[in-house]
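For reference, the structure discussed in these notes is given below.
Values in this text are rule-based calculations from the coordinates and carry no lab data. These numbers come from a predicted model, not from an experiment. In this analysis, Cβ positions are derived from the backbone assuming ideal geometry, glycine residues included, and neighbour counts consider all displayed protein chains.
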Amino acid sequence: MLYKLPQSNGSEIGYRFSETIDKGDYALLVPEMEALAKEHGKIQLLCDLTDFKWEKANAWRDDLAFGREFHHTISKMAIIGDSETKKLIADVAHPFYAESSEYFTDQQAGWAWLAS
């Protein structure tokens, strides 16, 4: 499940990815990202993966398409997590999903980095 974070403002947007992500989550995420890209050009994205478990197989194609479409639009991607696995996701985000990515253990530090 995907939840937009209330701290989102302007070109800085955040989502909490909870439990399992599926194709329907991308159906909500992509149009919003397209609108932000059109309005702001570049986007700074925070992904809170603290409660994230896995992505269903039916979403893998949409995930890859998301990376291809938005890699050069997302200038910064802050990955929030609580495990080495989620830190690895941050390492992979840079070459495939964002121009720059960093791993944080709390949202506040992630938002601060996006704003810098």
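A few remarks follow.
- Of residues in region 73-116 being buried (at least 18 other Cβ atoms within 10 Å of the Cβ) and of a type in the set (Lys, Arg), the one nearest to the chain's Cα centre (by Cα): Lys76
- Region 101-116, residues that are assigned to a loop (DSSP other than H, G, I, E, B) and more than 14 Å from Glu12 (Cα to Cα): Thr105, Asp106
- Residues (in a helix (DSSP H, G or I) and hydrophobic (A, V, I, L, M, F, W, C)) located in region 71-99: Leu88, Ile89, Ala90, Val92, Ala93, Phe96
- None of Leu36, Leu46 is surrounded by 13 or more Cβ atoms within 10 Å (Cβ to Cβ) and in a strand (DSSP E or B) except Leu46.
- Taken over region 53-90, the criterion of being closer than 22 Å to Trp111 by Cβ and touching a helix residue (DSSP H, G or I) at 6+ places or on another chain (Cβ under 7 Å) is satisfied by Phe66, Phe70, His71, Thr73, Ile74, Lys76, Met77, Ala78, Ile79, Ile80, Gly81.
- Among the candidates Phe70, Phe66, residue that is farther than 22 Å from Trp113 by Cα and within 11 Å of the chain's Cα centre (by Cα): Phe66
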